[in-house]
1. Out of the residues in the range 17-39 that are touching a residue at least 60 places away in the same chain (Cβ under 8 Å) and surrounded by fewer than 20 Cβ atoms within 10 Å (Cβ to Cβ), state the one that is nearest to Ser52 (Cα to Cα).
2. Of the residues Thr229, Thr162, which single one is at pLDDT below 95 and under 14 Å from Ile135 (Cβ atoms)?
3. In this structure, does Val57 turn out to be within 27 Å of Phe373 (Cα to Cα), within 13 Å of the ligand (Cβ to nearest atom) and open to solvent by 10 Å² or more (accessible area, probe 1.4 Å)?
4. Give the number of residues within the range 7-32 that are more than 9 Å from the ligand (Cβ to nearest atom) and among the acidic types (Asp, Glu).
5. State whether the residues of the range 152-168 include one that is out of contact with any strand residue (DSSP E or B) (no Cβ under 9 Å at 6 or more places or on another chain), open to solvent by less than 70 Å² (accessible area, probe 1.4 Å) and within 16 Å of the ligand (Cβ to nearest atom).
6. Here is a list: Val218, Val236, Val247. Which entry is over 27 Å from Phe416 (Cα atoms), open to solvent by less than 60 Å² (accessible area, probe 1.4 Å) and of a type outside the set (S, T, N, Q)?
7. Considering only the range 204-226, state which residues are hydroxyl-bearing (Ser, Thr, Tyr) and either under 29 Å from Gly378 (Cα atoms) or not in a helix (DSSP H, G or I) (or both).
8. Select, from Val4, Val35, the only residue that is within 13 Å of the ligand (Cβ to nearest atom), aliphatic (A, V, I, L, M) and under 23 Å from Leu376 (Cα atoms).
Amino acid sequence: MIKVITYGTYDLLHHGHIRLLERAKALGDYLIVGVTSDDYDKTRGKINNQQSLMERVAAIKATGLADEIIAEEYEGQKIDDIRRFGVDIFAIGSDWEGKFDYLNEFCKVIYLPRTEGVSSSEIRAKNRKLVIGIIGSGGLRNKFIREMQYVNGVEHKECDDTLDGVDAVYVASHPRRHYDDVKRALLAGKHVICESPLALEAEKCRELIDYARENGLVLEDAIKTAYSTAYSRLLVVAKSGRIGDIVSVDSVCSSLAGGVAEPGVDLSRRQNSISSWGPTAMLPVFQLLGTNYKTKSIVTKLINSDYNFDGFTKIDFVYDKAVASIKVAKAAKAEGELVITGTKGYIYVPAPWWKTDYFEVRFENPANNKRYFYQLDGEGIRYEIVAFAKAVESRRDYSYISDQTSLAIVKVIEDFYSGDRIELK
Ligand code: CTP
C-alpha cells in the first residue's frame with residue numbers, strides 16, 4: 001500500500017484545495033491530510049483563518065478524499081509523521097516548490113501544480129471588508145494602520161466627524177475624550193475598538209458597554225497584550241495549578257520616552273502614567289485574581305496637579321487569599337516585569353512583559369524550570385484586529401477582555417482621579 005501525506009490550512013475549502021487532494025490521493029492508495037492547528041498557523045504568520053481547526057477538519061472529511069486526518073501542531077512534525085505512519089510520498093502544492101526537499105531523506109517529495117486564480121486569502125478578503133476609521137492621532141494611529149495591513153478583509157479609511165463611509169472606528173484619542181468619542185461612534189451605529197480605558201468613570205463605561213450590547217454593536221477594549229499568545233498561555237498555566245495557589249501578582253510598566261517631566265512640556269495633551277499604563281498593568285491582576293478585591297490603596301507622585309499628571313503610581317490590591325501590586329511610570333524607570341507568585345513556584349515574565357513572546361515557570365529546584373516561547377508579531381495589535389473583525393462578522397464576542405475587567409480598570413482610574421490616593425511630595 002502506498003501512503004501519501006499532505007498538509008495545509010484549508011481555510012474556507014475551495015476547489016484549489018479539492019483538486020490538490022484529488023491528485024495527492026491519486027498518487028497512492030491511502031491519503032493522510034495534516035490540517036494545521038490555529039496556534040501553529042500563528043507561528044507561521046497565518047493569523048486570520050476564518051474557520052477553526054474543527055471546522056476545517058470537518059470540511060476535509062466531507063470531501064471523502066482523506067483516509068485519515070491529523071492536526072499539524074508544531075515545527076518538525078512532518079518528519080515525525082512520515083516516520084510514524086510509514087509514509088511513501090509527501091505531496092504539496094507548487095507554491096512550496098523546493099521548500100520541502102529536505103524530506104527527500106525520509107520519503108518521496110512531489111510538488112503538484114497549484115490551481116490558478118483561487119486562494120483562501122482572496123476569499124477571506126472578498127467575504128469580509130470591514131472598513132475602519134480612526135479617531136485620534138499620534139503613534140498609536142500609525143501603528144494600527146500598519147498592523148491592519150496584515151489582516152485580510154480590513155481596510156483603513158480616513159473619516160471625518162460624521163463617520164460616514166466606515167463600518168467601525170478605532171478610538172485612540174486622549175483618554176479623557178474616549179467616552180464622548182466611543183459614544184458618538186456607537187450612536188452612529190459603528191462598531192468600536194477603543195484603547196483602554198474605555199472611559200474615565202465606571203458608570204459611563206457601563207453605559208457604553210450596555211448600549212453596544214443592546215444594539216448589536218461590538219465594543220472591544222484594546223489592550224494589545226491580552227491578544228498575545230504568550231500572555232494568554234501564561235494565564236492558562238497560572239490557573240492550571242502548576243505553580244500552586246496564586247498568592248501575589250506583581251506587574252510593572254514604565255516608559256521614560258516623551259520626556260513628560262521636562263520643563264515646558266505641554267502636559268494637557270499627554271497621557272499620564274495611570275491612563276497610559278494602568279490598564280495593561282492591571283490586566284493580569286484582574287484576569288488572574290478577579291475583580292472582587294477587598295481593598296486597594298493608590299500612592300502617586302504627581303508631576304502636575306492641574307492635569308492630574310502622575311509621573312509614578314503604585315497600587316496595592318488585597319484579595320481574600322492573595323495580594324497584587326502594580327507600578328506604572330512615565331517619569332520613573334523600573335524593570336518592566338511580571339511575577340506571579342504561587343505556593344509551589346512562580347511565573348516570571350521578563351521586561352517588557354507586555355510585549356513578550358516568552359515566559360518562564362520557575363521552582364525551588366531549577367531543574368524543574370520550564371521556558372515557554374511563542375510567536376508575537378506586531379506587539380499583539382494584529383491579533384487584536386483579527387479578534388475585532390471576527391467579532392463584527394459573527395456578532396459573537398471574541399474579545400479576550402471581559403466587561404468586568406474593563407469596568408474594574410476604569411473604576412481604579414476613576415478613584416485615582418477622584419482623589420482616593422496618597423500623594424508623595
Ligand atoms: N493549493 C492549490 N491551489 C490553490 C490553493 C492551494 O493547489 N489555488 C494547495 C496548496 O499548495 C497546499 C494546499 O492546497 O498544498 C493547502 O493550501 P492552503 O495554504 O491551505 O491554501 P491557500 O488557498 O493557499 O491559503 P492562503 O491563501 O491562506 O495562503
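The values are calculated or read from the model by the stated rules, or taken from the named source; none is laboratory data. Quick caveat, the model's predicted, so the values are computed rather than measured. Cβ sites come from the backbone with ideal geometry, for glycine too, and all protein chains shown count toward neighbours. Please note that ligands, DNA and RNA were not included when accessible areas were found on the heavy atoms of the full protein model with its side chains. Shrake-Rupley method; radii C 1.70, N 1.55, O 1.52, S 1.80 Å.
1. The residue in question is Asp39.
2. Testing whether each residue is at pLDDT below 95 and under 14 Å from Ile135 (Cβ atoms) leaves just Thr162.
3. Yes.
4. 2
5. Yes, there is a match, as at least one residue in the range 152-168 is out of contact with any strand residue (DSSP E or B) (no Cβ under 9 Å at 6 or more places or on another chain), open to solvent by less than 70 Å² (accessible area, probe 1.4 Å) and within 16 Å of the ligand (Cβ to nearest atom).
6. Going through Val218, Val236, Val247 in turn, just one is over 27 Å from Phe416 (Cα atoms), open to solvent by less than 60 Å² (accessible area, probe 1.4 Å) and of a type outside the set (S, T, N, Q): Val218.
7. The one that is hydroxyl-bearing (Ser, Thr, Tyr) and either under 29 Å from Gly378 (Cα atoms) or not in a helix (DSSP H, G or I) (or both): Thr225.
8. Being within 13 Å of the ligand (Cβ to nearest atom), aliphatic (A, V, I, L, M) and under 23 Å from Leu376 (Cα atoms) holds for just one of Val4, Val35, which is Val35.
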